[in-house]
Amino acid sequence: DRDGLSNLEEYQKGTDPRNADSDSDGMPDGWEVANGLNPRSNDSSADSDSDGLANVDEYKKGTNPKNSDTDGDGMPDGWEVSNSLNPRTNDGSADSDRDGLTNLNEYGRSTNPRTADTDADGMPDGWEVAHSFNPRSNDSAADPDSDGVSNVREYQKGTDPRRADTDADGMPDGWEMAYNLNPLFANDAPQDPDGDGVSNLDEYIAGTNPRIIPGEFMVGDSGVVAIDWLYDGGMFEGEIGIFTTSGMKAFISDPETFIAEAVRRALSNTTEGYVVLSDPEEGARLSGALGERKEWNSGPYNGVKEFSMRCGDTFAIILVPNTTLETLLRVPLTTNPNIRPLFSIALSNLDYGMHVGQMADINGYGNAFAFEDQDFEKSDMDYNDLILQITGAVAEVPSLDSVIASYETDGNRQARRKRDDRPMLFDAPLPVFNSNDWRTSEALGMQIIEHLESSATGPETLWMSVNVDASADLIIYDPQRRAIGKEGGYIPGAGFNIAVDGHQTVFLPVLEDGDYRIMLRGKDGEGNGALTVTGFHGDAEISEMTLNFDIDAHQVLKTTVSASVFVEEMKIVFETPKIPEAPDGSPLFYDFDGNGKIDSSDIAKVSSRWNSSEGDQDYDAFYDLDNDGYIGILDIMPVVNGQ
């Protein structure tokens, strides 16, 4: 039967000489006899050497059923077979999956010799073992050295996950990675990539950004920088621009070229720079005073402005105190303090300009900044001359708290009084600085902080936007009768935007229960338009409604949308805008705020523009009811008589 046993051996073993496998267990009689098994008993499923292979599998693999490690490489035959290794070849020192562990080590650690990352945590088994991690447990997110870098990130960057400062340069690996420094290169500690005269190591110790000069901004991932002029605190009427700083450091030693190039970029209206605001032509969002005796804000509020820039670019701010950038371009080196520019970066101000501390981060969140609009030594240090909210970029700017604290510890520091109190170059002894914190002492200051700290929209936030496509101004009143629109106003967290094509949009990211009153004010001629209200759940649009309407110059239209209905039913519902009505149904043509009556607040909207003419900052054609280019008694009286 050719089973490896002679007929005589078959007779002696009691097996069938005509059947190669007398016990029908899948193993020839001769092989069983040769390996000490019983050819007359079905022992195919037995594991005589306890190596994880059944006898019949040992026969098929050509291994020894009485020796758990046939090739003597330290790995049981069954483990080798289950992991696709050769149990008849000594491959203990091989690294079949190239993970840095030999097959024998993989066996000893119970890892998979055919899979480089047994626990699928992104880190090879050998690297984990070398750094005392468990290659069978997903510990990719752990940070045992507390350097701010996860284990898997340490593997990817080649740093030591058990050592917070791999290159021993005094800067933690996580900090270096966050600012695009090399955590494996010790010689970058004394370097100064932002050229501000402070080494990387000193920037780490001071808690500053080594890639950004103090007062310099870096554009975020979206490439869009949004700027909202929140408050105007003085009588100066200047301009603010932004300009990219790429290549500008070459001009530091040449002030005239530096200033001219900064202005050129700001005036270019390209990704190189923009004019952000022009005080002679527009006003800030919020009116009132922050401890001053007079309110200086005037002019139309132009809403949140968006500027397209290149992701990762850096830019700085240029402020011309009391004239235009065009004027400065003609005389870059002027000593006239009305024209002489101030920069957000101290490098560019030489001996007279803005230094660290003249611009301050209002709330420490890096999204709102207060500017002093006079030279550092002449400013009153009240940090409310100009307040801007800037999003879409990050900056290294001292907080207002830290500036006040450092000031209060310097008993010799004095400050110039407000420029509206006395002439700018008055040379009498300086008064002692009054460190009144308008953020907590003034109602308007508290409103500014509330607005800045209003919750941003998250994945679960329900919020609305209102858009008007018409020759009309849009004003929204919330359930508490707070307003936002072209005349500015205050609804916490709300934003107002005027697109290039004139469309006006109000964003309401924080909703109050109740009705939002939508007011439309016709700007010129007869025309039609469309009002669209959109409801969002996080970034997803879930409901939208659009209605068309007709509107004439000087005409007021009103409609309402219920935030409560939107929140409860997830749908937007409102009626076609129409002229406001009194309780008896009679039309109220001059009910500018849509509160159901013509009252002193409506009269004030016209009378506050008394004696303004076309071209004046306070002139608004909507309130020029007789269209003569002048707002006077003939425009006020129809409103008064309409009460």
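Here are a few things to note about the model shown:
- Alpha-carbon centroids, the range 440-504 and the range 68-106: separation in whole Å: 69 Å
- Sequence-separation-based contact order of the range 487-643, relative, with Cα cut under 8 Å and 6+ spacing, percent: 16 percent
- Each peptide in 9-17, 167-175, 248-256 gets a packing score, the mean of other Cβ atoms within 10 Å over its residues, and the list from highest to lowest is 167-175, 9-17, 248-256.
- Extension gain, residue 50-residue 246: 0.36 nm per intervening residue step, less the Cα-Cα distance, totals 63.4 nm.
- Counting all C-alpha pairs of the chain, share separated by more than 36 Å (%): 58 percent
- Measuring nothing but how far apart in sequence close Cα pairs (under 8 Å, 6+ apart) lie, relative to its length, the range 1-150 scores a relative contact order of 10 percent.
- With contacts taken as Cα pairs under 8 Å and at least 6 residues apart, the chain reaches a relative contact order of 7 percent.
- Backbone N atoms of the range 587-631 closer than 12 Å to the 7 Å Cα→Cβ label point of residue 640 belong to residues 603-604, 607.
- Between 0 and 90 degrees, the angle of helix 255-267 with respect to the longest Cα principal axis of the chain falls at about 90 degrees.
- When the listed pairs 486/571; 571/597; 523/578; 486/597; 294/486 are checked against a 25 Å cut-off, the alpha-carbon distance exceeds it for 486/571; 571/597.
- Using the average count of surrounding beta-carbon atoms within 10 Å as a protection proxy, the listed peptides 223-231, 635-643 rank, highest first, as 223-231, 635-643.
- Per-selection Rg to Rh, the range 594-643 - Cα, Kirkwood hydrodynamic radius: 0.97
- Counted charge near residue 225, where neighbours are those whose Cβ lies closer than 15 Å (Asp, Glu -1; Lys, Arg +1): -3
- Three-way shape call for the range 462-578 based on the alpha-carbon gyration tensor, with the a/c threshold at 1.5: prolate
Every read-out reported here was derived from the displayed coordinates using simple, explicitly stated rules and does not represent laboratory data. What you see is a predicted model, and the numbers here were worked out from it, not measured in a lab. With ideal geometry, Cβ positions are generated from the backbone for all residues, glycine too; neighbour counts draw on all protein chains shown.
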